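Encoded as structure tokens, the structure appears first; notes follow it.
The values are calculated or read from the model by the stated rules, or taken from the named source; none is laboratory data. All values derive from a computational prediction rather than experimental measurement. Cβ: placed from backbone, ideal geometry, glycine included. Neighbour counts: every protein chain shown.
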Amino acid sequence: MASILYVVATPIGNLDDLSERARATLDSVSMIAAEDTRHSGRLLKTINVSTPLLALHDHNEQRATAGLLERLLAGEDVALISDAGTPLISDPGYRLISAAHDAGIEVRAVPGPCAAIAALSIAGLATDKFLFVGFLPAKAAARRKELEGLSGNSATLVFYESGRRIEALMADAEAALGGDRLACVARELTKLHEQAFRGDVAEVRAWLAADPNHLRGEFVVMISGAPNQGRAATIDLDTLLRELAREVPASAAARIAARITGRRKAECYQRLMELIPPK
Ligand code: SAM
């Protein structure tokens with residue numbers, strides 16, 4: 001029988017998210033390639049799986065791939081896992097999967113948790129088109145340059161970030177994309193201190209700064225894409241502001257109008273004050 005390379009998703013926090021099929025697959029293969037064998041060893045122990053582990057990480061991927069291909073070509077099934085979530089999504093494995101395809105080996109997904117997808121599903125941002133950016137460069141200048149390059153993209157932008165750099169990322173995002181775009185930060189998904197906050201970029205920054213606990217753990221940051229200029233141009237700002245002001249307070253009207261038209265919130269607020277001066 002031809003062998004199979006399984007790419008298996010594991011939990012991003014809550015162990016109950018490991019699927020039955022994931023456990024059965026990890027139990028049935030002859031070898032599991034894992035990013036960190038000590039970390040994955042603990043998971044396997046918890047789920048009572050004794051399959052041997054082999055390290056496959058950024059620094060040994062080429063060598064480990066050669067050994068795993070030999071096993072696969074000899075007829076053994078192998079599984080690939082990462083520390084958390086779906087392998088290859090900001091995690092190692094690209095060389096192995098690519099080499100397996102080249103060698104004519106069947107590659108099968110055992111899908112499951114992924115922080116980006118979990119976060120998008122609760123963010124309340126457009127999901128018809130999103131761009132997974134993953135981690136931005138750690139160096140400020142390179143990070144800003146990449147954000148500036150993304151400023152015209154109309155897809156929802158999805159970033160991975162740690163608590164250590166989340167404030168720097170949001171400060172650069174405000175500088176490159178403006179403070180008015182609707183955004184959502186999701187931290188510690190599926191864990192004890194799970195939280196998601198949705199607001200414009202400036203409000204997200206204020207929320208992060210408001211409590212040191214908001215900066216702890218692992219984050220997915222999602223920021224709305226550039227407004228559709230074609231559509232925005234056909235919307236009359238004054239009519240929009242007047243209609244919104246009948247339903248919601250002035251600052252909310254300005255914020256919503258800014259999101260719809262792609263203008264600055266301050267500009268919309270000022271125009272609203274001219275149209276309907278405060279009593
Ligand atoms: N492969 C993983 C996946 O499928 O999501 C991602 C691995 S990447 C090395 C780790 C990053 O994913 C973290 O720094 C964080 O940005 C994000 N992440 C992982 N687990 C998370 C969680 N429980 N809540 C929020 N973000 C998480």
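Things to note:
- Remark: pairs (first residue in the range 76-89, on the phi > 0 side of the Ramachandran plot; second residue part of a loop (DSSP other than H, G, I, E, B); Cβ separation under 7 Å; 6+ apart in sequence or on different chains) = Gly85/Ala9; Gly85/Ile12; Gly85/Pro113; Gly85/Cys114.
- Cβ pairs under 8 Å, 6+ apart, first in the range 157-180 and under 23 Å from Ala118 (Cα atoms) and modelled with pLDDT of 95 or more, second away from the ligand (no atom under 16 Å from the Cβ) and not in a loop (DSSP other than H, G, I, E, B): Leu157/Leu150; Glu167/Arg205; Glu167/Ala209; Met170/Val201; Met170/Arg205; Ala173/Leu147; Ala173/Val201
- Among residues that are surrounded by 15 or more Cβ atoms within 10 Å (Cβ to Cβ), modelled with pLDDT of 95 or more and at negative phi, Asp102 is not included.
Listed here are the residues, each with its yes/no results for (1) at positive phi; (2) among the hydroxyl-bearing types (Ser, Thr, Tyr); (3) outside any helix (DSSP H, G or I).
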| position | (1), (2), (3) |
| --- | --- |
| Ala2 | no, no, yes |
| Val7 | no, no, yes |
| Ile12 | no, no, yes |
| Asp16 | no, no, no |
| Arg21 | no, no, no |
| Thr25 | no, yes, no |
| Ala33 | no, no, yes |
| Gly41 | no, no, no |
| Leu44 | no, no, no |
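- Any chance Ala64 is within 16 Å of the ligand (Cβ to nearest atom), out of contact with any Asp or Glu (no Cβ under 7 Å at 6 or more places or on another chain) and on the phi < 0 side of the Ramachandran plot: no
- Enumeration of residues in the range 33-45 that are touching a helix residue (DSSP H, G or I) at 6+ places or on another chain (Cβ under 9 Å) and within 16 Å of the ligand (Cβ to nearest atom): Ala33, Ala34, Leu43
- Of the criteria (1) in contact (Cβ under 8 Å) with a residue 40 or more places away in the chain; (2) within 15 Å of the ligand (Cβ to nearest atom), which one Ser224 fails: (2)
- Number of positions in the range 164-199 that are closer than 14 Å to Arg216 by Cα, in a loop (DSSP other than H, G, I, E, B), within 9 Å of the ligand (Cβ to nearest atom) and not hydrophobic (A, V, I, L, M, F, W, C): 3
- Candidates Leu73, Leu18, Leu54, filtered to the one that is over 26 Å from Gly217 (Cα atoms) and either touching a residue at least 60 places away in the same chain (Cβ under 8 Å) or small (Gly, Ala, Ser) (or both): Leu73
- Within the range 134-161, if we keep just the residues that are surrounded by fewer than 19 Cβ atoms within 10 Å (Cβ to Cβ) and not small (Gly, Ala, Ser), the residue that is nearest to the ligand (Cβ to nearest atom) turns out to be Phe135.
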